[in-house]
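The values are calculated or read from the model by the stated rules, or taken from the named source; none is laboratory data. Since we're looking at a predicted model, the values are computed, not measured. Here the Cβ is made from the backbone with ideal geometry for all residues, glycine too, and neighbour counts use every protein chain on show.
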């Protein structure tokens, strides 16, 4: 397996929504995501990772919550894609820093 560098995404999760969806890029650089699951027993976290894995066409084990497992503000490690690819698959504009 090729060793790729991992990328990190700041995510702001809004649980208990009507649908799972990417909402927008926030001013602080976080990606706002609505998730149907309630934040009970890790359901929202599992749903978030499944949703992102599907959007990014990656296996779920390529995504890890590095920070914020019990918070709405999370840092997600993504393994196997470049930042430009991640943003394109999420339907967001990427501004290279």
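Filter region 56-89 down to residues that are assigned to a helix (DSSP H, G or I) and out of contact with any helix residue (DSSP H, G or I) (no Cβ under 6 Å at 6 or more places or on another chain) and give me whichever is nearest to residue 7 (Cα to Cα). Working first, answer last.
Taking region 56-89 first, the residues assigned to a helix (DSSP H, G or I) are 56, 60-62, 83-89.
From what's left, out of contact with any helix residue (DSSP H, G or I) (no Cβ under 6 Å at 6 or more places or on another chain): 61-62, 83-88.
Details: 61: 14, 62: 11, 83: 7, 84: 11, 85: 11, 86: 9, 87: 11, 88: 14 Å.
Checked region 56-89; the qualifying residue nearest to residue 7 (Cα to Cα) is 83.
I'd like to know if region 42-55 contains one or more residues that are part of a loop (DSSP other than H, G, I, E, B), more than 17 Å from residue 6 (Cβ to Cβ) and at pLDDT below 95. I'd like the intermediate steps shown before the answer.
Keep residues of region 42-55 that are part of a loop (DSSP other than H, G, I, E, B), which gives 42.
Now drop any that are not more than 17 Å from residue 6 (Cβ to Cβ), which leaves 42.
Applying the additional criterion that residues be at pLDDT below 95 yields 42.
Taking every residue of region 42-55 in turn, at least one turns out to be part of a loop (DSSP other than H, G, I, E, B), more than 17 Å from residue 6 (Cβ to Cβ) and at pLDDT below 95.
Those residues that are surrounded by 15 or more Cβ atoms within 10 Å (Cβ to Cβ), touching a residue at least 60 places away in the same chain (Cβ under 8 Å) and closer than 13 Å to residue 78 by Cα, I need them from region 7-59; list them, please.
Of everything in region 7-59, those that are surrounded by 15 or more Cβ atoms within 10 Å (Cβ to Cβ), touching a residue at least 60 places away in the same chain (Cβ under 8 Å) and closer than 13 Å to residue 78 by Cα turn out to be 7, 9, 10, 11.
Please name all residue pairs, on different chains or six or more residues apart, with Cβ atoms under 7 Å, provided the first residue is in region 60-89 and is on the phi > 0 side of the Ramachandran plot and at pLDDT below 95 and the second residue is loosely packed, with under 14 Cβ neighbours inside 10 Å and not in a helix (DSSP H, G or I).
80/4
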